[in-house]
1. Suppose we filter 235, 191 for residues that are under 16 Å from residue 180 (Cα atoms) and surrounded by fewer than 21 Cβ atoms within 10 Å (Cβ to Cβ); which single one remains?
2. Within the bounds of region 176-185, is there any residue that is part of a helix (DSSP H, G or I) and surrounded by 17 or more Cβ atoms within 10 Å (Cβ to Cβ)?
3. Filter region 17-63 down to the residues that are outside any helix (DSSP H, G or I), free of Cβ contacts under 8 Å to residues at least 24 places away in the same chain and under 29 Å from the mean Cα position of the chain (by Cα) and list them by number.
4. Restricting attention to region 337-357, does a residue exist that is in contact with a strand residue (DSSP E or B) (Cβ under 7 Å, 6 or more places away or on another chain) and over 21 Å from residue 22 (Cα atoms)?
5. Looking at 193, 118, 135, 146, which is the one that is out of contact with any Leu (no Cβ under 7 Å at 6 or more places or on another chain), in a strand (DSSP E or B) and of a type outside the set (Ser, Thr, Tyr)?
6. Condition first: buried (at least 24 other Cβ atoms within 10 Å of the Cβ) and either without any contact (Cβ under 8 Å) to a residue 12 or more places away in the chain or over 22 Å from residue 92 (Cα atoms) (or both). Can you find one or more residues in region 223-230 that meet it?
7. Inside region 225-288, counting only helices (runs of 4 or more DSSP H) that do not spill past its ends, which hold 3 or more residues that are touching a strand residue (DSSP E or B) at 6+ places or on another chain (Cβ under 9 Å) and closer than 24 Å to residue 363 by Cβ?
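Read the figures in this text as sums done on the coordinates, not as results from a lab. Keep in mind the model is a prediction, meaning the values are calculated, not measured. Virtual Cβ from ideal backbone geometry, glycine too; neighbours counted across all protein chains shown.
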Amino acid sequence: MSAREILLHLSLIEGVGPAVIQTIIARKPKALAWQALYSATFSDWHQWGISQKGAALLVEGLRDRSLLEKELALIDRSGAQWACIADDAYPELLKHIHLPPPVLFWHGDISYQKAIAIVGSRDANQYGERQINGIVPELVAQNFCIVSGGALGADTMAHRSALAARGKTIVVLGSGLNHFAPRTNARLFEKIIEEGGAVVSSFTCDIKPRPECFPIRNRVIAGLSRGIVVAQAAKKSGARITAQFALEQGRDVFAIPGSLDDPLSAGCHALLQEGAKLITGPKDILEEYGIGQSVRSEAQSAIPFDNLHKKRHSESNGKALKVEGNPLHKKIVSACVHAQSIDALAQACNLDLAAMQKELFDLQMSGVIEQDFSGMWRVI
């Protein structure tokens, strides 16, 4: 059995997340064959930095070879391609975020030289569409791949605009590849694959779309891209969360301004206050990458991220009061006074990873906690 198949098996074990798998990759003795993990004892896992609960999950999960066999059969039937983080086919940019997904699945072609993500509201209107259609063709002309989340609204507009410009575009799903969502975009996704793009997922094939999946999806969108454009977004929105991930990963964030009394522009304006670059057209993006006029200096590029952190931490007082009345949320927020991994939080709260992700998503959308550049959760 290959190392990539063993890493896939590890990722299928309920309760074993990216942090545990990263620990295994870092701490497993180099001379020890991957196959030997199937014989590893509780004591071995402890020596490699795994908690008691994690060791129990790993020992039990690796006993169940059917987990791997079923997933490999699903992959084979669907015709999907996949790569673990150690493979050359795994996107290089995504490898360099902290706690990247251990395994990536896709249909189509994920090879690209450079990518820009374009995200926004599901309620994006004609103004948003006009701005997207004004930006995408110029980016495509400069060989940028357009990455988005496949949702209705701004995401769909970005994908369609890329296809119309005969460019390459990548959809990142908040579900497994066997469950294209939204279903109304299934034909669009097929067209994207036919035209040389891809539909990508960090979830195993049969995972259905759930609310807790979308922050994970958003983090992958940011991780695949050199920068991200927010076209229209409410103040509390998935698009804004995606932009925050991008900032924390050291990627560029561009925001399109709008009317001051338009709720769909409030998220963009908030990002601009936090250090995103205001853009009025594609040239503002291209100049950041030395295509057109002068490129910013490294010192200038560092300013937005620094300003973001200063602003966030200066506004942190009192946020935890929002969780009064919910004992579980109070426990999570109390733990997140110091940065915590999702694995540690799940263990502390006696929840599985899916349930823990849902609670974290709710708290994140309420503006109480955030995920930092290293993938750790903390109080804002």
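1. On the way: 235 fails: under 16 Å from residue 180 (Cα atoms).
Exactly one of 235, 191 is under 16 Å from residue 180 (Cα atoms) and surrounded by fewer than 21 Cβ atoms within 10 Å (Cβ to Cβ), namely 191.
2. Our first condition is that a residue be part of a helix (DSSP H, G or I); within region 176-185, this holds for 183-185.
With surrounded by 17 or more Cβ atoms within 10 Å (Cβ to Cβ) added as a condition, the list becomes 185.
Yes, region 176-185 contains a residue that is part of a helix (DSSP H, G or I) and surrounded by 17 or more Cβ atoms within 10 Å (Cβ to Cβ).
3. Quick first cut of region 17-63, residues outside any helix (DSSP H, G or I) only: 17, 28-33, 40-41, 48-51.
From what is left, the residues that are free of Cβ contacts under 8 Å to residues at least 24 places away in the same chain are 28-33, 40-41.
Scanning region 17-63 gives a single hit, 28.
4. At the first step, the residues of region 337-357 found to be in contact with a strand residue (DSSP E or B) (Cβ under 7 Å, 6 or more places away or on another chain) are 337, 339-340, 342, 345.
Going one step further and asking which of them are over 21 Å from residue 22 (Cα atoms), we end up with 337.
Yes - at least one qualifying residue is present in region 337-357.
5. Working: 193 fails: in a strand (DSSP E or B); 135 fails: in a strand (DSSP E or B); 146 fails: out of contact with any Leu (no Cβ under 7 Å at 6 or more places or on another chain).
Sole residue among the options that is out of contact with any Leu (no Cβ under 7 Å at 6 or more places or on another chain), in a strand (DSSP E or B) and of a type outside the set (Ser, Thr, Tyr): 118.
6. Yes.
7. On the way: elements: 238-248, 263-273, 282-288.
Qualifying helices (runs of 4 or more DSSP H): 238-248, 263-273.
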